[in-house]
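The values are calculated or read from the model by the stated rules, or taken from the named source; none is laboratory data. Keep in mind the model is a prediction, meaning the values are calculated, not measured. No Cβ is skipped: glycine too gets one built from the backbone with ideal geometry, and neighbour counts run over all protein chains shown.
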Amino acid sequence: MTDAVSYRVDNGVAWLTIERPQARNALNAAVREGLFAGARRFNDDSGAKVLVLTGAGDKAFCAGGDLKEMADTALTVPPLDFLPQFGRNIDMAKPTIAAVNGIAWAGGFLLAQCCDLCVAAEHATFAISEVKVGRGAPWAAPLPWLIPPRIALQILLTGDPITAARAHEVGLVNEVVPLADLRSRTQELAERIAANAPLSVLAAKRTAYLARPDVFDEAERLWTPVYLSADAQEGPAAFRDKRKPAWTGR
């Protein structure tokens, strides 16, 4: 674990929390390392039956990648182990829930999408904002399995955020609750799952994912030229420099 991520268990429910509210819980190296460590700790923790992923504070679940860090490191194609993607680069046999306490954009959307269930505060918003900064979202390939394809296309093509209420309406979110109730309602949901027969729970989760297409490899091929483009460097640099990006399409 790192100081940027905390892990604690409450009555069989493990809470994995991004502890970087001053930076909207953005995914810098310390956070990414801590999330991997926390996921592995949960997998090895026999006393934890359900994982809840959330962010500290009341503004952001996770704003996505740390664009200043990306600009400074000139990140091109993120390696497969850049960030935990539950069920893809790290197996998570036990159930996971995203407790979205604020904005879930870009990599934050990825984290919420990767969880099996999602409970959101009323003020939370969701966005795949990569088109606004010239980056890539191959991880969004399974999104049309979760929500209608035309809704997925609108989210991907505009980069505009949708509200928690809209996310619930289209099936991306299971429940929308007042922020003050987010932790207790998520804990209650997790405890209901944890109280069930463990082998049945594990098999139920595996069964649900049998219908999901395996599309990541093709998505990575499609997005690699985008990651390698000049625009992919321009977007984070413009964010860091607090200016409007100058796209070249190259």
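When segment 131-176 is limited to residues that are small (Gly, Ala, Ser), in contact (Cβ under 8 Å) with a residue 24 or more places away in the chain and within 26 Å of Asn89 (Cα to Cα), the one that is surrounded by the most Cβ atoms within 10 Å (Cβ to Cβ) turns out to be Ala167. In summary, Leu143 fulfils each of the numbered conditions (1) over 19 Å from Ala208 (Cα atoms); (2) at pLDDT 95 or above with the single exception of condition (1). Consider segment 177-198 and keep the residues that are in a helix (DSSP H, G or I) and without any contact (Cβ under 8 Å) to a residue 60 or more places away in the chain. The one that is surrounded by the most Cβ atoms within 10 Å (Cβ to Cβ) is Asp181. The test for being charged (D, E, K, R), part of a helix (DSSP H, G or I) and farther than 26 Å from Gly64 by Cβ holds for Arg206.
Among the residues of segment 8-27, write down those that are over 14 Å from the mean Cα position of the chain (by Cα) and farther than 23 Å from Glu188 by Cβ.
Residues of segment 8-27 that are over 14 Å from the mean Cα position of the chain (by Cα), as a first pass: 8-15, 19-23.
Of everything in segment 8-27, those that are over 14 Å from the mean Cα position of the chain (by Cα) and farther than 23 Å from Glu188 by Cβ turn out to be Glu19, Arg20, Pro21, Gln22, Ala23.
What's the total number of residues in segment 123-160 that are hydroxyl-bearing (Ser, Thr, Tyr), more than 18 Å from Leu67 (Cα to Cα) and not in a helix (DSSP H, G or I)? Please lay out each step first, then the result.
Quick first cut of segment 123-160, residues hydroxyl-bearing (Ser, Thr, Tyr) only: 125, 129, 158.
From what's left, more than 18 Å from Leu67 (Cα to Cα): 125, 158.
Narrowing further to those that are not in a helix (DSSP H, G or I): 125.
Of the residues in that region, 1 qualify.
Within segment 72-122, the set of residues being in a loop (DSSP other than H, G, I, E, B), of a type in the set (S, T, N, Q) and surrounded by fewer than 21 Cβ atoms within 10 Å (Cβ to Cβ) comprises Thr76, Gln85, Asn89. The set of residues in segment 33-62 being surrounded by fewer than 24 Cβ atoms within 10 Å (Cβ to Cβ) and over 16 Å from Tyr7 (Cα atoms) consists of Asp58, Lys59.
Looking only at segment 131-146, decide whether some residue is hydrophobic (A, V, I, L, M, F, W, C) and more than 22 Å from Pro84 (Cβ to Cβ). Yes, the conditions are met somewhere in segment 131-146. Pairs are defined by a Cβ separation below 9 Å, a sequence spacing of at least 6 or placement on different chains, a first member in segment 113-130 that is over 20 Å from Leu210 (Cβ atoms), and a second member that is acidic (Asp, Glu) and not in a strand (DSSP E or B); the pairs so defined are Ala121/Asp58; Ala121/Asp181; His123/Asp58; Ala127/Asp160; Ser129/Asp160. Annotation: of all residues in segment 12-32 being assigned to a loop (DSSP other than H, G, I, E, B) and small (Gly, Ala, Ser), the one that is surrounded by the fewest Cβ atoms within 10 Å (Cβ to Cβ) is Gly12. Checking Ala37, Ala74, Ala93 one by one, the residue that is modelled with pLDDT under 95 and either more than 14 Å from the chain's Cα centre (by Cα) or among the acidic types (Asp, Glu) (or both) is Ala74 and no other.
In segment 157-173, of all residues being within 15 Å of the chain's Cα centre (by Cα) and of a type outside the set (Val, Ile, Thr), the one that is nearest to Val215 (Cα to Cα) corresponds to Leu172.
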